[in-house]
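Notes to accompany the following structure.
The values are calculated or read from the model by the stated rules, or taken from the named source; none is laboratory data. Note that the structure is a prediction, hence the values are computed from the model and not measured. Here Cβ is always computed from backbone atoms with ideal geometry, including for glycine, and neighbour counts include all displayed protein chains.
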Amino acid sequence: MANFMAVEDRHSSGLYAKHEIVLVRGLGACLWDQQGREYIDCMAGHGVANLGHAHPAIAQAIAGQAKRLITCPETFYNDQRAALMEKLSSLAPGLERVYLCNSGTEAVEAALKFARLSTGRSQVVAAMRGFHGRTMGALSATWNKHYRQPFEPLVPGFSHIPYNNSQAISKAVSNQTAAVLLEVVQGEGGVHPAEADFLQAATRACRQSGALLIIDEVQTGFGRTGKMLAIEHYDLAPDMLCLAKSIAGGLPMGATLIGPRVANLAPGMHSSTFGGNPLASAAALAALQVMQQENLPQQAAEKGAYLIERLRRIDSALIREVRGVGLMVGIELKQKAAPYLRALEQRGVIALPAGMTVIRLLPPLVITQAQLERVVAALEAVLTADG
Ligand SMILES: Cc1ncc(COP(=O)(O)O)c(C=O)c1O
């Protein structure tokens, strides 16, 4: 059997801490390694595979479009892109304009640039524990020192307030502020949902000061939290919305949705070679259709409520708290999560951390009841004495 691990170890950048598994195939919420061992996927490629792996509608859309037209810059019109833009803006009423790109960090980076252009200001208020990506602007908004420090000096003008602290956000936003940038549920930061009061305070502060409210739904978007968009839980009306991850059924794509408080964006101010390409657009259209036809947000709401309830019943002295929204679930431990993630993997469940002490579960929204039971059983085993 070919030794893919050795080959990757020799040639990879070295930037990734590797799991010792060679994944070669997926279907629904299952993954298989090179030896044919099956895993239940509670990572979904860091929240990308909301529709599960190898969804036939996505495979068909990609194959069909690949035979027609893969690339077409946004300087030309295109049928797939036009349909996708219309569809995306229908999901977030009021956000009529769409900038298409290829990843979450690009969607955030664009929103930050648009906020500067629109307001003529350069200060940005973000949150402690927030994560927004790794390019220089998005990284400047990201909180974790470990990600930031090696690359300092970062973009000036960014400040971080405690999440869910309404007073702090009201105080931090001024008439120098270009934008407030927040997640609705902090994912990487430990699965912390926002309180409604905090988001209202952020909205008020932006309206009063002329700053723009940018909501980062890169991880929470597309059914993950039990609604198509997590802003629907709060009746929140951002000026810009950043999307990516599961938007195109697994193909790379990001999007920044833009509202009327953002000034006109002139030709040439920003662009992306691959942004809005017909292949990713066709995949995204198919993905959005599947999400609506299979009612995936509702499925996530029901399965997530069940999962959280079952996890809260696990009698383990290791667990500090189980929290989450929809199928975005965090199990905060009283100690480091890494050994328990490894033990879970040995029991055939792949999950991911959020910070040092949280086990994060982001399964495909199509995960079955039987698979959820296996996940709960594996967690119970590793978090109690017989682990
Ligand atoms: C909330 C949030 N914003 C931005 C990003 C960056 O996305 P990408 O890795 O596609 O650049 C992530 C990635 O995990 C994220 O969770």
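A few notes on this one:
- As a summary of the residue check, PRO297 satisfies the conditions (1) buried (at least 20 other Cβ atoms within 10 Å of the Cβ); (2) part of a loop (DSSP other than H, G, I, E, B); (3) not hydrophobic (A, V, I, L, M, F, W, C) except for the one numbered (2).
- All of (1) modelled with pLDDT of 95 or more; (2) within 23 Å of the chain's Cα centre (by Cα); (3) surrounded by fewer than 22 Cβ atoms within 10 Å (Cβ to Cβ) hold for ARG320 with one exception: (2).
- Within the stretch 17-40, considering residues that are small (Gly, Ala, Ser) and part of a strand (DSSP E or B), the one farthest from ALA370 (Cα to Cα): GLY26
- Boolean, ALA255 is in contact with a Cys (Cβ under 8 Å, 6 or more places away or on another chain) and either at pLDDT below 95 or among the aliphatic types (A, V, I, L, M) (or both): yes
- Scanning the stretch 136-158 for residues that are away from the ligand (no atom under 16 Å from the Cβ) and under 22 Å from the mean Cα position of the chain (by Cα) yields a single hit, LYS145.
- Within the stretch 325-368, tally of residues that are in contact (Cβ under 8 Å) with a residue 60 or more places away in the chain and under 21 Å from ALA301 (Cβ atoms): 17
- Among the residues making up the stretch 54-66, those that are surrounded by 12 or more Cβ atoms within 10 Å (Cβ to Cβ) and without any contact (Cβ under 8 Å) to a residue 40 or more places away in the chain are ALA54, ALA59.
- Taking first residues from the stretch 194-223 that are without any contact (Cβ under 8 Å) to a residue 60 or more places away in the chain and partners that are among the charged types (D, E, K, R) and more than 16 Å from the ligand (Cβ to nearest atom), the Cβ contacts under 6 Å between residues at least 6 apart in sequence or on separate chains come to LEU213/ASP239.
- Selection count where residues are closer than 30 Å to GLN65 by Cβ and more than 16 Å from the ligand (Cβ to nearest atom), scope the stretch 263-272: 6
- Members of the stretch 332-358 found to be surrounded by fewer than 16 Cβ atoms within 10 Å (Cβ to Cβ) and more than 20 Å from GLU373 (Cβ to Cβ), listed by number: LYS334, GLN335, LYS336, ALA338, PRO339, ARG342, MET356
- Scanning the stretch 215-237 for residues that are more than 10 Å from the ligand (Cβ to nearest atom), in a loop (DSSP other than H, G, I, E, B) and at pLDDT 95 or above yields PHE222, GLY223, ARG224, THR225, GLY226, LYS227, MET228, LEU229, TYR234, LEU236, ALA237.
- Subset of the stretch 172-214 [in a strand (DSSP E or B), within 16 Å of the ligand (Cβ to nearest atom) and not hydrophobic (A, V, I, L, M, F, W, C)]: GLU183, GLN186, HIS192, PRO193
- Scanning the stretch 238-253 for residues that are assigned to a loop (DSSP other than H, G, I, E, B) and away from the ligand (no atom under 13 Å from the Cβ) gives PRO238, ASP239.
- Single residue of ALA29, ALA49, ALA17, ALA54 found to be at negative phi and more than 16 Å from the ligand (Cβ to nearest atom): ALA29
- Pair list, Cβ < 6 Å and 6+ apart or interchain, from the stretch 1-27 residues that are surrounded by 11 or more Cβ atoms within 10 Å (Cβ to Cβ) to residues that are among the polar types (S, T, N, Q) and part of a loop (DSSP other than H, G, I, E, B): VAL22/GLN34; VAL24/GLN34
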